[in-house]
């Protein structure tokens, strides 16, 4: 029997091509039009959510998803779809946690190397045909503090540890990382300021929940070293952006590499654009071409789809109450 799958995302020929392995197993529809979703959702067993800006239609049409047993997000973040009706339901929710961990970790590494190896200065001197020795720093021996030591956070730590960095991890469920050979110390959420005081590079890779919104605030920046560098590859609002701008402008921290922001796209008048100690990436650090990032997330969905068809436990089940 074929499974009815609805993608609440814009029709995409490339996506259709990547879904070809399911041609004999599923009837697949794609739409973001609320009127059309109302017509095709009643028969759906599986509902797949696309990009974050496409999730807003879901709450309005959820009552028509009477037979849906599984909702999957092609993104890792699910805060945009945790509306009360879905949270209260018995419908399983999964996400793409970990699918993009390597490209995001590579962006974190890029930001660190850019800063400590003084790439901007080197490029400026090259453009000016100026031969002047540049003193740079090594990553070896520096402390990487990771807020949100999940799939992405740990992948950042793996790359940092390979370069000789000391790994400090903050995780709500610390027991999940007990015995991790690359961690020097695990901190509890209430020990955030203690960790920050020891951190040379702060990696923000936490999901966005009620407790993580603006977790990195004025108080957090005050606890950090003045030469600390911050990377955000998680969710934008985990960092209080106004507080971050103040800390950067006042040189209370040394710099930042940011792939996510509180409001996206980043406003044209944001001071972050013009700062010489900031790397701005337009939420595209995981937008890879070889392999294609869309194919990566579709491939993970297909793997989970076979588990669903076979009655096996799904991977990346989201705790709808916790929000991740």
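Does residue 260 satisfy being surrounded by 14 or more Cβ atoms within 10 Å (Cβ to Cβ), in the same structural domain as residue 156 (by TED's automatic domain parsing), part of a loop (DSSP other than H, G, I, E, B) and at pLDDT 95 or above? Taking the combined requirement at face value, the residue satisfies it.
Taken together, the residues in the stretch 30-47 that are assigned to a loop (DSSP other than H, G, I, E, B) and either touching a strand residue (DSSP E or B) at 6+ places or on another chain (Cβ under 9 Å) or closer than 12 Å to residue 4 by Cβ (or both) amount to 4. If I filter the stretch 94-118 down to residues being closer than 15 Å to residue 254 by Cβ and in contact with a strand residue (DSSP E or B) (Cβ under 9 Å, 6 or more places away or on another chain), which single residue comes out as surrounded by the fewest Cβ atoms within 10 Å (Cβ to Cβ)? Among those residues, the one meeting the criterion is 114. Inside the stretch 63-85, can you point out the residues that are closer than 16 Å to residue 50 by Cβ and not in a loop (DSSP other than H, G, I, E, B)? Answer for the stretch 63-85, where residues must be closer than 16 Å to residue 50 by Cβ and not in a loop (DSSP other than H, G, I, E, B): 70, 71, 72, 73, 79, 80, 81.
Filtered by the rule that a residue be closer than 14 Å to residue 96 by Cβ and not in a helix (DSSP H, G or I), the stretch 299-324 gives 314, 315, 316, 317, 318, 324.
Among the residues making up the stretch 263-298, those that are assigned to a helix (DSSP H, G or I), surrounded by 15 or more Cβ atoms within 10 Å (Cβ to Cβ) and out of contact with any helix residue (DSSP H, G or I) (no Cβ under 7 Å at 6 or more places or on another chain) are 293, 296, 297. Considering the conditions (1) within 27 Å of residue 230 (Cα to Cα); (2) surrounded by 19 or more Cβ atoms within 10 Å (Cβ to Cβ), residue 136 is excluded by exactly one of them, (2). On the given criteria, is residue 243 touching a strand residue (DSSP E or B) at 6+ places or on another chain (Cβ under 8 Å), assigned to a helix (DSSP H, G or I), closer than 16 Å to residue 105 by Cα and in contact (Cβ under 8 Å) with a residue 24 or more places away in the chain? No: the conditions fail for residue 243.
For every residue, the table says whether it meets (1) crowded, with 23+ Cβ neighbours inside 10 Å; (2) part of a helix (DSSP H, G or I); (3) in contact with a helix residue (DSSP H, G or I) (Cβ under 8 Å, 6 or more places away or on another chain).
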position: 146; (1), (2), (3): yes, no, yes
position: 152; (1), (2), (3): yes, yes, yes
position: 157; (1), (2), (3): yes, yes, no
position: 169; (1), (2), (3): yes, no, yes
position: 172; (1), (2), (3): no, no, yes
position: 175; (1), (2), (3): no, yes, no
position: 180; (1), (2), (3): no, no, yes
position: 186; (1), (2), (3): no, no, yes
position: 190; (1), (2), (3): no, yes, no
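Flag set for residue 304, criterion: buried (at least 16 other Cβ atoms within 10 Å of the Cβ), on the phi < 0 side of the Ramachandran plot, in contact with a strand residue (DSSP E or B) (Cβ under 7 Å, 6 or more places away or on another chain) and assigned by TED's automatic domain parsing to the domain that holds residue 88.
The values are calculated or read from the model by the stated rules, or taken from the named source; none is laboratory data. Worth saying up front: this structure is predicted, and the values here are computed from it rather than measured. Please note: Cβ atoms are built from the backbone with ideal geometry, for glycine as well, and neighbour counts cover all protein chains shown.
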